[in-house]
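The values are calculated or read from the model by the stated rules, or taken from the named source; none is laboratory data. Keep in mind that this is a model prediction, so the values were computed, not measured. All Cβ positions, even for glycine, are placed from backbone atoms using ideal geometry, and neighbour counts span all protein chains on display.
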Amino acid sequence: MNPNQALVRISLPLLLAAAQVAAGADATALWARKVQPLFDVQCVKCHGPLEQKNGLELDTAQAVLKGSEDGPVVVPGKPEESTLYKNLAAGSDPHMPPKKQLTDAERDTIREWIAAMNTAPPTPAAKSAEARQFASIPQAIDTLVADGWAQHGVKPATAVDERTWCRRVYLDLAGRIPTQAEADAFSSSTEPTKRDALVDRLLGSEEYPVRMRELWDVFLMGRGKRGNQEDRRRDNGWWSFLENAFRTNRPWNLAVRDLLTARPEKPEDKGASWFLYERKNEHQQIAEAVAPIVYGTKIDCAQCHDHPLAREIKQAHYWGLVAAFNRSKNVEGSSSVAESAVGGFINFTNLKKESQPALVTLLTGHTVDEARPAGEQKDSNDLYVDAAAKVRVPKVSRREAFADEATHENPLLARAFVNRMWAALMGRGIVHPADEMNARNVPSHPELLDWLARDFSTNHYETQRLVRGIVLSRVYALGATDSAPETFAGAQERPLTAEQIARSWRIAAGFPAEDKTLRRAVIGAIPEVLPREYTTSFQQAQFFTNTPALAEILEPSPNNATTRIAALPNATARVNAAFLTVYGRTPDTEEATQSAAFLTARAEKPEDGVRDLLWALMTTAEFLTMP
């Protein structure tokens, strides 16, 4: 059975064409989207944080304008008078890059950027002396994003209709599409506060913590590569810990502290230890997993040297984070993680071949002070809170000291959560990529990120408050647009996660949402969550075309959608019912005509025709991407 061949005009999902910078775009956009990536590949190795030949640095727009030891290399607005541009021409002397010729398109990119400058490379929008005050999160979002539209001359998209908004918020907060009855009830309601009421109801449902756990399980742990890894996370309480944190609106900084210390004080927090335990005493893996949570950025590139692109990330930060956890060791036969009271002092070698002690130093500049012993330390019972405990806790815990620093007086923690949550709900972070919030990736709306992070920490890191504010904003409710994605002038095209697809397939087919077998089948085909680039593979296309998992729920059975729709009196009624069931809308004229013709050609076996039509509708981009 291959129903997609019958409705060939329905496209495969998860395709996103890269947005192009229009001619005449401002220098900021050109730098961020075209020039900086080009320089990173072609120039920064010799002209960046690690090496500055002839005193020239090309890793930031400000550094380019500063010039080299010989003077300015750019004349703003005049590429033909700019040494940087002239040295790119074939046959120039000196020629840059020395052993390679840039393509005409690459040279044109740099020319366009220089031409777009006025007197200096644009810098992120300056903040006012005092932060602006807003009455609510939606007001802050809508005002500050609209400021960006005005600044860049962007016209926002129109808002989506009620049914589309309802579908969007169900997918984001419940992890599934609404049933037809739920969508009908919302769209028919005339209550002026019905959106607020629906959001509050979903936040208070049991579906919401499960949906948040699905997202943050992947953000914090990555996709389990094997089914038994998923089972172990569930069976050892990790899933329950995350779900309970979102269900009870637990302050995020306290939840993070629990998973960093791995010393649960309550039975419901037992699973917090699994964050460290699953990494099996691999302290570098632990450090690399912790950094995006507490700093908002990866630090992997600083293992062997200071970060080659983000100047603020030093080798000392990487090894200091390793040192914070290298006294930790899994307790076999449990999910507990012990910590020694002694040892764990390490050195790392920098690029100058010098040995440096690894101190627990945070990106905030704070250091966890700990005096190094003059000689070898001996472990003894009096160094522990309770020497007789199965999992002994040292009186002076390096891991706990780091956790305290990372979750209190650390503004990066709030920024990291806000940006990742914004990306999950809006399709793109205020800083993109969402897990690389560093000097290389400036925020598209710096004042908005600052305001949201400050509001989040001031209000006790309440996760539900932030989520509620984002989804009730005008910006969240916008329709599609061709504007640059960083303007948030319209909805970003974002694919549903595997869990959203599996539940929504079952809802559309007329079954309860939850089914482990179907969910795992879809995860196997679509493991990514919030990918940087939305693409579809041949294997995924094959899955959507032939998967037995979908065939099983669409085969005619008592009371499922296939049987119910096939029982309707004619093709027109069946087509309307199919579109309402799957998309929550009626078909347009062309869709109705083609679909009716499809069913009429299979009139002798109406259930087979309806099954194949439903299959085709449920594997389209419209169904498999956020509305």
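State whether the residues of segment 16-23 include one that is at pLDDT below 80, in contact with a Leu (Cβ under 8 Å, 6 or more places away or on another chain) and in a loop (DSSP other than H, G, I, E, B).
Within segment 16-23, one or more residues are at pLDDT below 80, in contact with a Leu (Cβ under 8 Å, 6 or more places away or on another chain) and in a loop (DSSP other than H, G, I, E, B).
Considering only segment 336-359, state which residues are in a loop (DSSP other than H, G, I, E, B) and among the β-branched types (Val, Ile, Thr).
Restricting attention to segment 336-359, the residues satisfying the condition of being in a loop (DSSP other than H, G, I, E, B) are 336, 340-346, 350-354, 358-359.
Correct list: 342, 346.
Exactly one of these conditions fails for residue 275: (1) in contact with a Leu (Cβ under 8 Å, 6 or more places away or on another chain); (2) within 21 Å of residue 368 (Cα to Cα). Give me its number.
Among (1) in contact with a Leu (Cβ under 8 Å, 6 or more places away or on another chain); (2) within 21 Å of residue 368 (Cα to Cα), the lone unmet condition for residue 275 is (2).
Could you say whether any residue in segment 542-552 is over 17 Å from residue 175 (Cβ atoms), modelled with pLDDT of 90 or more, outside the structural domain of residue 181 (by TED's automatic domain parsing) and part of a loop (DSSP other than H, G, I, E, B)?
yes
What's the number of the condition residue 591 fails, among (1) at pLDDT below 95; (2) surrounded by fewer than 20 Cβ atoms within 10 Å (Cβ to Cβ)?
Against the list (1) at pLDDT below 95; (2) surrounded by fewer than 20 Cβ atoms within 10 Å (Cβ to Cβ), residue 591 comes up short only on (1).
In the list 30, 65, 58, which residue meets the criterion of being within 16 Å of residue 85 (Cα to Cα), more than 25 Å from the chain's Cα centre (by Cα), assigned to a helix (DSSP H, G or I) and at pLDDT 80 or above?
On the way: 30 fails: more than 25 Å from the chain's Cα centre (by Cα); 58 fails: assigned to a helix (DSSP H, G or I).
The conditions single out 65.
Hey, could you check segment 42-55 for residues that are hydrophobic (A, V, I, L, M, F, W, C) and at pLDDT 85 or above and say which is nearest to residue 305 (Cα to Cα)?
46
Name the residues in segment 172-192 that are part of a helix (DSSP H, G or I) and either free of Cβ contacts under 8 Å to residues at least 12 places away in the same chain or loosely packed, with under 14 Cβ neighbours inside 10 Å (or both), would you?
181, 184, 185, 188
Take segment 60-73 and flag every residue that is small (Gly, Ala, Ser) and in contact (Cβ under 8 Å) with a residue 60 or more places away in the chain.
Looking only at segment 60-73, we keep the residues that are small (Gly, Ala, Ser), and these are 61, 63, 67-68, 71.
Answer for segment 60-73, where residues must be small (Gly, Ala, Ser) and in contact (Cβ under 8 Å) with a residue 60 or more places away in the chain: just 61.
Give just the number: which of (1) free of Cβ contacts under 8 Å to residues at least 12 places away in the same chain; (2) surrounded by 20 or more Cβ atoms within 10 Å (Cβ to Cβ); (3) farther than 25 Å from residue 312 by Cα does residue 57 not satisfy?
(3)
Can you tell me which residue among 195, 223 is surrounded by fewer than 22 Cβ atoms within 10 Å (Cβ to Cβ), in contact with a helix residue (DSSP H, G or I) (Cβ under 8 Å, 6 or more places away or on another chain) and over 30 Å from residue 320 (Cα atoms)?
Result: 195 is the single residue among 195, 223 that is surrounded by fewer than 22 Cβ atoms within 10 Å (Cβ to Cβ), in contact with a helix residue (DSSP H, G or I) (Cβ under 8 Å, 6 or more places away or on another chain) and over 30 Å from residue 320 (Cα atoms).
Of the numbered conditions (1) outside any loop (DSSP other than H, G, I, E, B); (2) exposed (fewer than 15 other Cβ atoms within 10 Å of the Cβ); (3) among the β-branched types (Val, Ile, Thr), residue 169 satisfies every one except a single condition; which is it?
For residue 169, the exception is condition (2).
Out of 322, 290, I need the residue that is crowded, with 20+ Cβ neighbours inside 10 Å, over 24 Å from the mean Cα position of the chain (by Cα), modelled with pLDDT of 95 or more and part of a helix (DSSP H, G or I). Which one? Full working, then the answer.
Numbers: 290 fails: over 24 Å from the mean Cα position of the chain (by Cα).
Sole residue among the options that is crowded, with 20+ Cβ neighbours inside 10 Å, over 24 Å from the mean Cα position of the chain (by Cα), modelled with pLDDT of 95 or more and part of a helix (DSSP H, G or I): 322.
Mind telling me which of the residues 514, 493 ends up being touching a strand residue (DSSP E or B) at 6+ places or on another chain (Cβ under 8 Å) and of a type in the set (D, E, K, R)?
None of the others qualify; the one that does is 493.
Here are some residues: 234, 263. Which one is free of Cβ contacts under 8 Å to residues at least 24 places away in the same chain and either basic (Lys, Arg) or assigned to a helix (DSSP H, G or I) (or both)?
After ruling out the rest, the residue left standing is 234.
Looking only at segment 265-282, which residues are exposed (fewer than 14 other Cβ atoms within 10 Å of the Cβ) and at positive phi?
Hit for segment 265-282 is 280, nothing else.
What are the residue pairs meeting all of these: first residue in segment 514-541, first residue not assigned by TED's automatic domain parsing to the domain that holds residue 423 and assigned to a helix (DSSP H, G or I), second residue of a type in the set (A, V, I, L, M, F, W, C) and at pLDDT below 90, Cβ atoms under 6 Å, and 6 or more apart or on different chains?
Between residues of segment 514-541 that are not assigned by TED's automatic domain parsing to the domain that holds residue 423 and assigned to a helix (DSSP H, G or I) and residues that are of a type in the set (A, V, I, L, M, F, W, C) and at pLDDT below 90, the close pairs are 541/12.
Can you name every residue in segment 388-398 that is more than 14 Å from residue 336 (Cα to Cα) and either among the hydrophobic types (A, V, I, L, M, F, W, C) or part of a helix (DSSP H, G or I) (or both)?
Answer for segment 388-398, where residues must be more than 14 Å from residue 336 (Cα to Cα) and either among the hydrophobic types (A, V, I, L, M, F, W, C) or part of a helix (DSSP H, G or I) (or both): 388, 396, 398.
Sort out which residues of segment 293-319 are assigned to a helix (DSSP H, G or I) and over 26 Å from residue 342 (Cβ atoms), and write them in order of number.
Correct list: 293, 300, 301, 302.
Which residues, counting only those in segment 149-166, are in a helix (DSSP H, G or I) and without any contact (Cβ under 8 Å) to a residue 12 or more places away in the chain?
150
Restricting to segment 387-424, what's the tally of residues that are surrounded by fewer than 20 Cβ atoms within 10 Å (Cβ to Cβ) and under 18 Å from the mean Cα position of the chain (by Cα)?
Total meeting the criteria: 1.
So which residues in segment 408-446 are closer than 16 Å to residue 290 by Cα, of a type outside the set (S, T, N, Q) and part of a loop (DSSP other than H, G, I, E, B), if there are any at all?
Within segment 408-446, 408, 434, 435, 437 meet the criteria.
Which ones in segment 559-575 are within 24 Å of residue 187 (Cβ to Cβ), surrounded by 19 or more Cβ atoms within 10 Å (Cβ to Cβ), more than 36 Å from the chain's Cα centre (by Cα) and not charged (D, E, K, R)?
565, 575
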